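S.K.: Once you've had a glance at the structure underneath, I'll fire off some questions.
The values are calculated or read from the model by the stated rules, or taken from the named source; none is laboratory data. Quantities reported herein were computed from a predicted structural model and do not represent experimental measurements. Glycine gets a Cβ as well: all are built from the backbone with ideal geometry, and neighbour counts include every protein chain shown. Ligands, DNA and RNA are stripped out before the accessible areas are found, and what is left, the full protein with its side chains, is counted by its heavy atoms. Shrake-Rupley method; radii C 1.70, N 1.55, O 1.52, S 1.80 Å.
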Amino acid sequence: IVMGDKLSDLSIYKYFERNRNVVLGGANKLKELQESGTLIVLTSFNDFRKDLALCQSVQPGDKIISRCSAELKKFRWSFVQEVWKQNELGELDTKPFASSLATCFAIDAKTGKPVTPPEWIKACTEV
């Protein structure tokens, strides 16, 4: 996960993607959704912020925690995502070392048009 003396942006993006997939029910649920004719697609990735000093402090073997909150409105999910470093006591740093806002749409696999996702996938992101 480390390139040179800092955590790579690609590694952070992968943390965010994995976290969104988990929030949406995981690989099996997303496959089930795809087989039913609905896809979840990333439509925007904004406000990517990274604390360079904190990223440089991440070393191989360090524990990294990715957190995500999601809100669904009709066919659009908004995800607020953060990546934190965890110390040996299990405590998180005082602030995330990276954060972003991602938007995903549920679309019909054939037409590419936005659709309301099935109830069972909506339940995955309800608190």
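S.K.: Contact list please: Cβ distance under 8 Å, first residue in region 32-51 and over 13 Å from Gln81 (Cβ atoms), second residue hydroxyl-bearing (Ser, Thr, Tyr) and surrounded by 15 or more Cβ atoms within 10 Å (Cβ to Cβ), pairs at least six apart or on different chains.
M.R.: Matching pairs, first to second residue: none at all.
S.K.: Hey, another quick one. So, in region 79-95, how many residues would count as being open to solvent by 30 Å² or more (accessible area, probe 1.4 Å) and under 16 Å from Asn46 (Cβ atoms)?
M.R.: Counting residues in region 79-95 that are open to solvent by 30 Å² or more (accessible area, probe 1.4 Å) and under 16 Å from Asn46 (Cβ atoms) gives 2.
S.K.: Okay, moving on. Being open to solvent by less than 50 Å² (accessible area, probe 1.4 Å), assigned to a loop (DSSP other than H, G, I, E, B), among the hydroxyl-bearing types (Ser, Thr, Tyr) and more than 29 Å from Thr111 (Cα to Cα), is that true of even one residue in region 64-72?
M.R.: no
S.K.: Can you name every residue in region 16-56 that is touching a Cys at 6+ places or on another chain (Cβ under 9 Å), assigned to a helix (DSSP H, G or I) and open to solvent by less than 70 Å² (accessible area, probe 1.4 Å)?
M.R.: If the condition is that a residue be touching a Cys at 6+ places or on another chain (Cβ under 9 Å), assigned to a helix (DSSP H, G or I) and open to solvent by less than 70 Å² (accessible area, probe 1.4 Å), then Phe16, Asn19, Arg20, Val23, Gly26 are the ones that fit.
S.K.: Quick one: what pairs do we get from region 87-104, first residue within 19 Å of Ser8 (Cα to Cα), second among the small types (Gly, Ala, Ser), C-beta under 9 Å, 6+ apart or different chains?
M.R.: Partner pairs satisfying both residue conditions: Asp93/Ser57; Phe97/Ala53; Phe97/Ser57; Leu101/Ser44; Leu101/Ser78; Ala102/Ser44; Ala102/Ser78.
S.K.: Quick check, is Pro118 open to solvent by less than 40 Å² (accessible area, probe 1.4 Å), over 18 Å from the mean Cα position of the chain (by Cα) and touching a residue at least 12 places away in the same chain (Cβ under 8 Å)?
M.R.: The answer is yes for Pro118.
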